[in-house]
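Peer 1: Encoded as structure tokens, here's the structure I'll be asking about.
The values are calculated or read from the model by the stated rules, or taken from the named source; none is laboratory data. Note that the structure is predicted; figures quoted are calculated from it, not measured. Quick reminder, even Gly has a Cβ in these numbers, built from the backbone with ideal geometry, and neighbours come from all protein chains shown. Quick note on the areas: whole protein, heavy atoms, side chains included, nothing else; ligands and nucleic acids left out. Shrake-Rupley method; radii C 1.70, N 1.55, O 1.52, S 1.80 Å.
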Amino acid sequence: MSSNKSKREDEIDEDEVVAEEVELPSVFAGDAFVDSIDYDGGAGFSDVAFVDERESYAILFLVVHAAHSPADSTFVPVATIPDVVLNFLRHFQQCLIDRSSYELLGVYENSFNKITEKFYQKSSWPNPESVVAALGDDDPIFLILYKELYYRHIYAKLQPTMEDRFNSYVNYCDLFNYILNSSTEPSDLELPNQWLWDIIDEFIYQFQSFCQFRAKLSSKNEVELETLKERPDVWNVLNVLNVLYSLIQKSRINEQLWVSKNGGDMLEAAGEFGSRLLYRMLGYFSIVGLLRVHCLLGDYTMALKTMENVELSKKGLFARVTACHVTTYYYVGFAYMMMRRYSDAIKAFSHILLFVSRTKQYHTRSYQYEVISKKSEQMYALLTMCVSLSPQRVDENVHTLMREKYGEQLSKMQKEAEESLPVFEELFLFACPKFISPAPNRFDGSSSAHAPTNHQLRIFLNEVRQQLLVPTVRSYLKLYTTLRVDKLASFIEKTPEEIRTELLVYKHKTRQRRWESGTLLDGEYSAPTDLDFYIKQDMIHISESKGARRIGDWFIRHIGKFDETIASLQRTK
């Protein structure tokens, strides 16, 4: 279930800056919690309540009663499980027992996908209880990891029920209990980097999905509404954030990255837990997970602050997993765009889109090809909006593809008219993440699923509306070196006083913070456009800097296209 990945790398190859250590409470139950779950013969899990008495705001892990009757149970008799699937499950379990990370990589990336395509394209995998009965062994770690794949498959291929959503949450709690509650010594579990990233990614995706599911109150019956009222802690935003922060603290990843840059004893910085690949990578991926969660909540400053120890200018641990690489740049670029730092957003989007276009042939063999392709389409839409709001030079290859995909929309957005706002709205709704609200439901019968997205859309369109005249003013200024204010006013059919206001708007909107060094939030204010001016009395003095055209790149690109055309014609003979 993951993209192709080479052998794991144990050394950190990224320079980082350490943040202040934040002491976070332990938020997970002990092993007794796992044993306390009682599965009542297919009808579902019994209610389980846990409160960590060591802390005042510990997470409460609860499970709802199953909504199905025993007759509707998804229990699959052992005899109906194909031998191929049973052999796969035995091999999967043995790989976990042997702690063979290399074998698990093949199980995860290849075997699971092939069996899914053959047997479970339109149905769920065997129920975990039937798997335990078939194997005759209730190994808790194997069962937790199998459930992780089981519920992820339901989310990907089927429509999860409320019971599935609750049970998947409990399973993630069990998994993080096992990893984080080892107070004396770290777990010896080893999983491939791709699987570790997918665990964090899927955990956040299911949280996001549940928030949207919970907000659609009009489609819920009375039983479901009552269940949601009684279980406000399940997939609660504070619980999710607590998990990610706890993984970061347990792994001491910030301390490791600081030592990697400034020198020091890496073993001392990592500690007993952080020296293990499992904890190190989960901690690092949790940083990217926090970036995503804070963007979903609309807190873009906090999103970039969580990444203050990650230097995008250097090859980091995120580059080991392509999906993590793409996700990191997507959310960093989106946060920059919403903070009106269009130059930094363009830089982020251009970098990752160029990387994806150059490595496209490798992604086609991955199950994540569709995910990466969709994210790329969204980033091209975001890049188009950023370029229209802050015109500047973009890599030739990326610019060509952007023109092919959104050339018509770009032309419309660069016109001074209210008609351009629907284009901005269309592209924003297509390319933005599915925002969520941290506030609990009011249960007044109204649906609030789209309210967070509409709120972010209004903020963005208000910013766009303030600079609708900027492209028109810029187009006239590019034609002159000196221009009288009243003459420009006659061109745009405004009064000289209104034109002075618009010129001030132009100055303000084209001046933005640009990153040069330091953390992602750092930067110096400058005007990234190639056009500048000043007003002396009633005269506008304009200066335009034109960058040298890279003619060599143009010829190389078209020679490559010509060679591809010749090769295609020869194959058709």
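Peer 1: May I ask for log10 I(q)/I(0) of region 287-439 at q = 0.17, 0.20, 0.21 Å⁻¹, from a Debye sum over the Cα atoms as equal point scatterers with solvent left out?
Peer 2: Calculated log10 I(q)/I(0) at the listed q: -1.01, -1.36, -1.46.
Peer 1: Cα to Cα, under 20 Å, and not fewer than 8 places away if on the same chain: which lysines meet these conditions relative to residue 147?
Peer 2: 114, 118, 122, 157
Peer 1: Rounded if a/c is under 1.5, else prolate if a/b is larger than b/c, else oblate: which is region 125-216, with a ≥ b ≥ c the root eigenvalues of its Cα gyration tensor? Don't skip to the end; give the middle numbers.
Peer 2: Working: a/c = 1.91, a/b = 1.27, b/c = 1.50.
Judged from the Cα gyration tensor, region 125-216 comes out oblate (a/c at least 1.5, b/c at or above a/b).
Peer 1: Along its three principal axes, how long is region 147-282 when you only count alpha carbons? Whole Å, largest extent first please.
Peer 2: So the three principal-axis extents are 59, 27, 26 Å.
Peer 1: Then there's this: List the lysines whose Cα lies under 25 Å from the Cα of residue 536, skipping any in the same chain that are fewer than 8 positions away.
Peer 2: Of all the lysines, those that pass the test against residue 536 - Cα under 25 Å, at least 8 places apart if same chain - are 478, 487, 494, 507, 509, 546.
Peer 1: Per residue, what volume in Å³ does the Cα convex hull of region 169-238 take up? Intermediate values should be presented prior to the final figure.
Peer 2: Values: hull volume 7.2 nm³, N = 70.
Hull volume over Cα atoms, normalised by residue count, gives 103 Å³.
Peer 1: Here's something else I'd like to know. Find the Cα radius of gyration of region 483-554, compare it with 2.2 N^0.38 Å by division, and give the number to two decimals.
Peer 2: On the way: Rg = 16.4 Å, N = 72, 2.2 N^0.38 = 11.2 Å.
So the Cα radius of gyration is 1.47 times the expected 2.2 N^0.38 Å.
Peer 1: Based solely on C-alpha atoms, express the radius of gyration and the Dmax of region 232-281 in angstrom.
Peer 2: Using the Cα atoms of region 232-281, the pair Rg, Dmax is 13.4, 45 Å.
Peer 1: How many angstrom separate the Cα center of region 276-324 from the Cα center of region 93-142?
Peer 2: Centre-to-centre distance over Cα atoms comes out at 29 Å.
Peer 1: Give, in nm to one decimal, the length gained when the segment between residue 421 and residue 370 is fully stretched (0.36 nm per residue of separation minus the Cα-Cα distance).
Peer 2: Values: separation 51, 0.36 × 51 = 18.36 nm, distance 2.94 nm.
Answer, rounded to one decimal: 15.4 nm.
Peer 1: Give me the percent of accessible area attributable to carbon and sulfur for region 438-573, probe 1.4 angstrom.
Peer 2: Here it works out to 54 percent.
Peer 1: Pulled fully out, how much extra length does the chain show between residue 478 and residue 118, if you take 0.36 nm times their separation in residues and subtract their Cα-Cα distance? Before the final figure, lay out the partial values.
Peer 2: Values: separation 360, 0.36 × 360 = 129.60 nm, distance 6.12 nm.
Gain in length upon complete extension: 123.5 nm.
Peer 1: For region 211-354, just the Cα set please: Rg and Dmax, both in angstrom.
Peer 2: Cα radius of gyration and Dmax of region 211-354 are 18.2, 60 Å respectively.
Peer 1: Hey, another quick one. Taking all protein chains in place and a 1.4 Å probe, what share, in percent, of the accessible surface of region 76-133 do carbon and sulfur account for? Don't skip to the answer; put the middle values down first.
Peer 2: Values: 1510 of 2890 Å².
Its accessible area is 52 percent carbon and sulfur atoms.
Peer 1: Something else now. Take the Cα of residue 539, step 7 Å along the line toward its Cβ, and report every residue of region 488-503 whose backbone nitrogen sits under 16 Å from that point.
Peer 2: The answer is 488.
Peer 1: In the full protein assembly as shown, how much of residue 300 is accessible to a 1.4 Å probe, in Å² to the nearest 10?
Peer 2: Counting only protein heavy atoms, the figure is 20 Å².
Peer 1: I would also like to ask the following. Averaged per residue, what accessible surface does region 365-465 expose to a 1.4 Å probe, in Å²?
Peer 2: Details: 5120 Å² over 101 residues.
With all protein chains present, region 365-465 gives 51 Å² per residue.
Peer 1: Ok, one more. Accessible area per residue, 1.4 Å probe, Å², for region 97-153: what's the number? Numbers along the way, then the final one.
Peer 2: Working: 2430 Å² over 57 residues.
Value returned for region 97-153: 43 Å² of accessible area per residue.
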